[in-house]
Amino acid sequence: MQKRQIISIGEILYDIFPGYKRIGGAPFNFAYHLLKLGMPVYLLTKIGMDLPGRDILNLLEVNGFDIRHIQRTSLYKTGQVIVSLDTHGNPSFDILKDMAYDYIDFDSNLMSTLGQKPDLIYFGTLAQRTENGHKAIQRILSARLQGTHCLYDINLRPDCFHGKIIRASLRQSDVVKMNMEELVLIKSLLDLSNSNNAAVEYLMAHYGIKMISLTKGKEGSELFTPNGSHQIKKDPIEVAGDTVGAGDAYASILALGYLNNWPPDQILKMATELAERVCALKGAIPKATAFYDGIIS
């Protein structure tokens, strides 16, 4: 498999669970999985000059991240999310506002990296929740050179999105990942009254999107391409840990599959397997690299 240079932009934070905490944030989780799978990844984020920020910086260095794109500020705290879990391990989030990652800058380091023509930029919605964050990320995406693809992992969180963010982000996207609940919200925000499948087809045609991944929880997932749709259905899995970060693991394989032109059925199978492994963890990332054995030959 060819190595691909990937940039992941957005939040890094601490997920505070009942009784424990874990480093998280979809862009970090996505980048972590790719790094452990052998892909060169730059993580672009911002942390505070506080103890959580220092802990994050140390963890990134220990795990082999290039920290040149980890911006720091004394004005804002490192991000935190209070996570509550239901009896099935499904999370709900209290996302604290006005965090360091809301103030990512378009700096010279990033400009230089964009000039190296990375293969793909991954981004989401949460780090665009403020006007500053939205403008910065859209500026970054607009500055990419031809041939750099974009994967938009929608990840809608309550009170952290609106139609302007979603429309602008869809216009930048080659690949989009969403779940069924997010598709319903997008249909409402964009005034789409057609069926779910017709809405996906409309999004692809209207915004020039090459691939849309639609995850359906216990019902499996579906991958839409210009050549049609492909589905995988799995027996319901036993969640030994929690489901936090399973979608980010899925997105990491989606990125690799898209860049390497894997068949849709292969993308679905491998993405589902990695997501299932994450559901056996407490938190979103493993401690042992053996976790990834057998995912990619």
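Per the listing 251, 198, the residue uniquely small (Gly, Ala, Ser), modelled with pLDDT of 90 or more and exposed (fewer than 14 other Cβ atoms within 10 Å of the Cβ) is 198. Number of residues in the range 82-111 that are in a strand (DSSP E or B) and over 23 Å from residue 51 (Cα atoms): the value is 4. Going by what's in this entry, would residue 89 be described as of a type in the set (Gly, Ala, Ser) and more than 30 Å from residue 218 (Cβ to Cβ)? In short, no. Number of residues in the range 116-172 that are touching a helix residue (DSSP H, G or I) at 6+ places or on another chain (Cβ under 7 Å), at pLDDT below 95 and charged (D, E, K, R) equals 1.
Candidates are the residues of the range 145-157 that are free of Cβ contacts under 8 Å to residues at least 40 places away in the same chain and part of a loop (DSSP other than H, G, I, E, B); the one that is surrounded by the fewest Cβ atoms within 10 Å (Cβ to Cβ) is 146. Go through the range 141-156 and give me each residue that's within 22 Å of residue 95 (Cβ to Cβ) and hydrophobic (A, V, I, L, M, F, W, C). Listed by number, the residues that qualify are 151, 154, 156. Name the pairs: first residue in the range 112-131 and surrounded by fewer than 23 Cβ atoms within 10 Å (Cβ to Cβ), second residue modelled with pLDDT under 95 and in a helix (DSSP H, G or I), Cβ to Cβ under 9 Å, at least 6 apart or on different chains? The qualifying pairs are 113/68; 113/69. The combined condition, being of a type in the set (A, V, I, L, M, F, W, C), assigned to a loop (DSSP other than H, G, I, E, B), touching a strand residue (DSSP E or B) at 6+ places or on another chain (Cβ under 7 Å) and touching a residue at least 12 places away in the same chain (Cβ under 8 Å), is not fulfilled by residue 280. One residue alone among 113, 78 is within 25 Å of residue 37 (Cα to Cα) and polar (S, T, N, Q), and that residue is 113. Looking across the range 8-22 at every residue that is at pLDDT below 90 and either within 14 Å of residue 55 (Cα to Cα) or among the basic types (Lys, Arg) (or both), the one that is surrounded by the fewest Cβ atoms within 10 Å (Cβ to Cβ) is identified as 21.
The values are calculated or read from the model by the stated rules, or taken from the named source; none is laboratory data. Just so we're clear, the structure is a prediction, and the values are computed from it rather than from any experiment. Neighbour counts are summed over all protein chains in view; Cβ atoms, including those assigned to glycine, are modelled from backbone coordinates with ideal geometry.
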